[in-house]
There are 2 protein chains.
Amino acid sequence: MLLSWTKYSSICNRLIHTVAKQKSNGKKKVIVLGAGWGGFQFVRYLNRKKYDVTLISPRNHFLFTPLLPSTTVGTLEFRCIIEPVRTLPNLQYYQAYCDEISHKTNQIRCRDYFNRNKEFSLDYDYLVCCHGAQSNTFKVPGVEEHAFFLKQLSDARAIRNRLMELFERASNRFISEEERKALTTFVIVGGGPTSIEFSGELHDFIVEDVAKWFPDVKTRVIVVESTDHILGSFDSKLTDYAMGILKSRSEITLKTNTHVKHVGPNEVSLSNGEVIQCGITVWSTGLSPSKLTSSLQFLKEERSGRIYTNDHLQVLCDDKTTVTNMFALGDCATPMDHSLPATAQVAVQQAKYLAQRLNKKDFHLKDPKDIRNDDYSKFNFNNAGMLAYLGGYGGVADLKKAKATGFSSWLLWRSVYITRLVSFKNRLLVGMFWFKSFVFGRDISRF
Amino acid sequence: MLLSWTKYSSICNRLIHTVAKQKSNGKKKVIVLGAGWGGFQFVRYLNRKKYDVTLISPRNHFLFTPLLPSTTVGTLEFRCIIEPVRTLPNLQYYQAYCDEISHKTNQIRCRDYFNRNKEFSLDYDYLVCCHGAQSNTFKVPGVEEHAFFLKQLSDARAIRNRLMELFERASNRFISEEERKALTTFVIVGGGPTSIEFSGELHDFIVEDVAKWFPDVKTRVIVVESTDHILGSFDSKLTDYAMGILKSRSEITLKTNTHVKHVGPNEVSLSNGEVIQCGITVWSTGLSPSKLTSSLQFLKEERSGRIYTNDHLQVLCDDKTTVTNMFALGDCATPMDHSLPATAQVAVQQAKYLAQRLNKKDFHLKDPKDIRNDDYSKFNFNNAGMLAYLGGYGGVADLKKAKATGFSSWLLWRSVYITRLVSFKNRLLVGMFWFKSFVFGRDISRF
């Protein structure tokens, strides 16, 4: 289709590099890159009547990532946890990539998401970079081609379809035992919250649904983690608890202190020499900088490749001078003096902080060159704690004032996330589907 | 993935032609082909404790087709209107194609849906063919490659994603007016219930949602029908009413007495010489026999290619002798003496009729060769009428005792279909999503 559109568009249209057709309505132009926890929430909190706001993102919706693992097995349906960008009024949206930022001329160059030959440029007064990061493959061969990531809804859908394929194939009586064993072996690489929550959801699915509808199928889940413990960012007691839970499950094997050396189409080679024949490899081992971040010539954190900002979230040039009208927050950046984790919580607090600054009485009237930081407080991350679901109505909660495990953590996990969803509609749908999955089980159709 | 699995499987596994590993438990073996209105409903009504029942279908769920058009725009979510085959107990299911039927040896040859090199054979005592039909392209060039069909959920998902793509692209301010016009022109080919209901759902989506979230986008919908009227199977007064409704809509153009000559990637050529630049072509012009039906050497209806049966739904050989233990029903067949329309209603009545016969007191004890038709009534189709939704809370109802149009038909349409859904879970979900779409609108995310 893409190719044919290219053909269809006349040659002169092919590489249009249209510069800034934006209407000038006297308002300052704010361009936001990304529709995640940083970008979407920033725009949501921003008083959009004061500015001419444009959002650029290849994804036309906000995704409530903490509930993404639940959608891989159908505990929740995909569309329960997203909110279209366009539901925010007073916002111009382009489904596009940002390829280049020229902070000296205050211009960005974009490429249409669908027609990748179509380029256009936009001017800005303020640029807010919240374009996130991508899954880190650690350059392990085969990951890009054969592993399933778990960052977007399309990833969750691919995993769900693959799981259903594997269960259907494994239940065919005419295959060999060896093939059946390979089909029903699932490898999860990484011991962070996403991986562990995915293993928890998978456990629920296997115990509650697969056992019922595919009684002949026995599943093996292998979790591979390179350090000696999972949920590294949690309190060590909670980590031990979570490891105990995982080890107590008959279908789960936890392999700590183990690296993945190679991922093949149906096998994974480990650092201990073991080669596991498997039906699916789910890869969730942290983040690496996106193409855009890598291409930018700013000061960056060496370890993570994230853009360095000052404590007002302004981007820093190589010579440590500040780009006063360019902000970066969320997974793509970190304040230089206080390195922060790449979590949703940080991004949303930063987004709110920055939006509040731009909402201040006469900020929108100022010349971007004239803004001074001394009349506004620095960003200060307030860690509210962490939650992780482990499956089987149990979880771990690492809060400021308390640590909790088991059923109470699960209750807290559900309560917190249902209230944090960005719309009443989503809260209704999520509540409905939790009820539906509890009463009727998960759907095992594949299409 | 497919290729790699082939590699992985050892050579000896590649073309396994395993014959009938089925356990013999003394029960007669019933094999059912297809999981649609015929196959799924037959199995549902069949007393499966009396038989050893196996269902073969490339689709692992039953699809409630009358509500399929609603899912193309998100009035309903995809998974509201399906029911997994495996939720029926006492049933062996294979996600596979049936390639060959040997009625003389009572054996079928199947091919795995995922690993198409994997073949296996099954024996049967009774074979029930309900494998349906496929969309009829009338051999118009380009249809197969460029048009979107509307028969399966994957078709509906593809249409939905394409529509969202087109709206997003058309809302980009940096494209030419000519390109925008092409992107927002949608062509629907065929004037049957599926096409017209799709145009109705599209109308609702455009008026209620697109107008709100894409205010700059103006849509054109062109319905092309080869005869001089739409909804040909309905009463002529209802047809006129429906045509009046369509013509009254500013975005819809109805072109009757017009054929499609060619479908390109972004254009449609009509018999009147017109060439329409468009973003999507949805093709729903009736049915043609499936590959399996075409390959079978039985008596067939010349016009439609459907398998001829007697009035007991038994398949007829070329010499008009009956294959007593092989039945055919639904879209793939028709009784020779009473040609029936290829509708869900016919299929489900036939399925029920046949299941009741097999459920009869000692039928399961008989030798298939010994069954006689004189102790069982012939199949008799009882036409309950037809319903079609036209959008804008209006429809047409062509019932035995009454004809109705407008809001009352819409109410009837919704009431009938929600009660006909095969599970309470589906009824709950459909009701919920009707409410959700009414109150919160349809989701415009694309992933």
Margin query: Nearest 500 deg cm²/dmol is fine: what mean residue ellipticity at 222 nm does chain B get from its DSSP H runs of n ≥ 4 alone, each adding -39,500 (n - 2.57), divided by its residue count?
Written below: -8500 deg cm²/dmol
Next item on the list: State, to one decimal in nm and shortest first, how far the label point of B:Ser102 sits from each corresponding label point in the other identical copies (label point: 7 angstrom along Cα-to-Cβ).
Entry: 7.3
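Strictly over 28 Å apart at the Cα level, which of A:Lys139/B:Lys118; B:Lys27/B:Lys320; A:Lys118/A:Lys425; A:Lys212/B:Lys49; A:Lys28/B:Lys212 would you flag in this model?
Values: A:Lys139/B:Lys118 35 Å; B:Lys27/B:Lys320 30 Å; A:Lys118/A:Lys425 35 Å; A:Lys212/B:Lys49 18 Å; A:Lys28/B:Lys212 25 Å.
Going by Cα-Cα distance, A:Lys139/B:Lys118; B:Lys27/B:Lys320; A:Lys118/A:Lys425 fall outside the 28 Å limit.
Could you compute Rg(Cα) / (2.2 N^0.38 Å) for the range B:297-414, with N its residue count? List each step's numbers first, then the result.
Details: Rg = 17.9 Å, N = 118, 2.2 N^0.38 = 13.5 Å.
Here the Cα radius of gyration is 1.33 times the empirical estimate.
Expressed in whole Å with the largest first, what are the equivalent ellipsoid semi-axes of the range A:119-234 derived from the C-alpha gyration tensor as the square root of 5 times each eigenvalue? Walk me through the intermediate numbers first.
Values: eigenvalues 239, 66, 43 Å².
So the three semi-axes of the range A:119-234 are 35, 18, 15 Å.
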Margin query: Per-residue counts of other Cβ atoms within 10 Å, averaged by peptide: what ranking do you get for A:371-380, A:140-149, highest first?
Written below: A:140-149, A:371-380
Note to self: Show me, for the range A:385-395, the HN-Hα J-couplings you get by feeding each phi into the Karplus relation (A = 6.51, B = -1.76, C = 1.60, θ = phi - 60°), rounded to Hz, glycine and proline as x.
What the structure shows: x, 9, 10, 9, 8, 10, x, x, 6, x, x
Note to self: Within the range B:77-95, name every residue whose backbone N is under 18 Å away from a label modeled 7 Å from Cα of A:Arg173 along the Cβ vector.
What the structure shows: B:86-95
Next item on the list: Take peptide B:390-400, look around each residue's Cβ out to 10 angstrom, count Cβ atoms belonging to other protein chains, and average those counts.
Entry: 0
Next item on the list: Take B:Thr419, project a point 7 Å from its Cα along the Cβ direction, then tell me which residues of the range B:376-396 have their backbone nitrogen under 13 Å from it.
Entry: none
Check: Taking the C-alpha atoms of the range B:46-104, how large are the radius of gyration and the largest Cα-Cα span, Dmax, in Å?
Finding: 15.0, 48
Next item on the list: Have a look at the DSSP beta bridges in the range B:257-387 and tell me what percent are antiparallel, nearest 5.
Entry: 80
Checklist line | Debye intensity ratio I(q)/I(0), log10, the protein assembly as shown, q values 0.08, 0.09, 0.11 Å⁻¹ (C-alpha model) | finding: -0.82, -1.03, -1.44
Item checked: Extension gain from B:Arg427 to B:Ser339, taking 0.36 nm per residue of separation minus the Cα-Cα distance -> 28.4 nm
Next item on the list: Please report how far the C-alpha centroid of the range A:379-447 lies from that of the range A:276-345, rounded to the nearest whole angstrom.
Entry: 27
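Other chains' Cβ within 10 Å of B:171-184 residues: what's the mean?
On the way: counts 5, 11, 8, 16, 8, 5, 0, 3, 7, 0, 0, 3, 2, 0.
Per residue, the number of nearby Cβ atoms from other chains is 5 on average.
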Item checked: Cα lying deepest toward the dipole's positive end in the range A:220-293, options A:Val282, A:Val221, A:Leu246, charges on Cβ -> A:Val282
Check: Going from the alpha-carbon gyration tensor of the range B:368-447, what semi-axes, largest first and in whole Å, does one get by taking the root of 5 times each eigenvalue?
Finding: 36, 21, 10
Next item on the list: Kindly work out what percent of the DSSP beta bridges joining two residues of the protein assembly as shown are antiparallel, to the nearest 5.
Entry: 50
Notebook entry, point to check: Between B:Lys352 and A:Lys218, what FRET efficiency follows from the Cβ-Cβ distance if R0 is 45 Å, with the result rounded to 0.05?
Noted result: 0.75
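What order, most packed first, do the peptides A:126-137, B:231-242 have when packing is the mean number of other Cβ atoms within 10 Å of each residue? It would help to have the intermediate numbers written out before the result.
On the way: A:126-137: 23.7, B:231-242: 17.8.
Highest mean packing first, the order is A:126-137, B:231-242.
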Checklist line | Shape parameters for the range B:183-258, alpha-carbon atoms, Rg then Dmax in Å | finding: 12.6, 39
Checklist line | Cα Rg, Dmax, the range B:244-337, angstrom units | finding: 19.9, 56
Next item on the list: Starting from the Cα of A:Phe435, step 7 Å along the direction of its Cβ; do the same at A:Tyr393; then give the gap between the two resulting points in nm.
Entry: 1.8
Notebook entry, point to check: From the residues A:Thr137, A:Phe120, A:Gln345, which one has its Cα farthest along the dipole of chain A in the positive direction, the dipole being from +1 and -1 charges on Cβ of Lys/Arg and Asp/Glu about the Cα centre?
Noted result: A:Phe120
Next item on the list: Calculate how many DSSP beta bridges within chain A are antiparallel, expressed in % of all such bridges and rounded to the nearest 5.
Entry: 50
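Calculate how large, on average over all directions, the projected area of the Cα convex hull of the range A:63-197 is; give the answer in nm² to one decimal.
Working: hull surface 48.9 nm².
With the hull built on Cα positions only, its mean projection is 12.2 nm².
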Margin query: Below 8 Å between Cα atoms, with a sequence gap of 6+, how large is the relative contact order for chain B in percent?
Written below: 19
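Give, rounded to the nearest 20 debye, the magnitude of the charge dipole that chain B has about its Cα centre when Lys and Arg contribute +1 at Cβ and Asp and Glu contribute -1 at Cβ. Provide the component values of the computation, followed by the final result.
On the way: 59 positive and 44 negative charges, 324 e Å.
In debye, rounded to 20, chain B gives about 1560.
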Checklist line | Per-q log10 I(q)/I(0), chain A, q = 0.12 Å⁻¹ (Debye; single scatterer per alpha-carbon; no solvent) | finding: -1.08
Notebook entry, point to check: Going by average Cβ neighbours within 10 Å, how do the peptides B:60-67, A:416-423, A:399-406, B:48-55 rank, with the highest at the top?
Noted result: B:60-67, B:48-55, A:416-423, A:399-406
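Over all residues in B:95-104, what is the mean tally of Cβ atoms on other chains that come within 10 Å of each residue's Cβ? Walk me through the numbers on the way to the answer.
Numbers: counts 8, 3, 0, 0, 0, 0, 0, 0, 0, 0.
Whole-number average of other-chain Cβ neighbours for B:95-104 is 1.
Would you work out the charge dipole size for the range A:352-447 about its Cα centre, treating the Cβ of every Lys and Arg as +1 and the Cβ of every Asp and Glu as -1, and quote it to the nearest 20 debye? Walk me through the numbers before you get to the answer.
On the way: 18 positive and 7 negative charges, 30 e Å.
In total the dipole reaches around 140 debye.
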Note to self: Place a point 7 Å from the Cα of A:Gln134 along the Cα-to-Cβ direction; which residues of the range A:304-330 have their backbone N under 18 Å from it?
What the structure shows: A:304-307
Item checked: A:Asp228/B:Asp228 FRET efficiency (R0 60 Å; Cβ-Cβ; nearest 0.05) -> 0.20
Checklist line | Interchain or long-range residues, amide H under 5 Å from B:Asp235's placed H | finding: none
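Read the figures in this text as sums done on the coordinates, not as results from a lab. No experiment lies behind these values; they were computed from the predicted model shown. Glycine also receives a Cβ, built like all others from the backbone with ideal geometry; neighbour counts cover every protein chain displayed.
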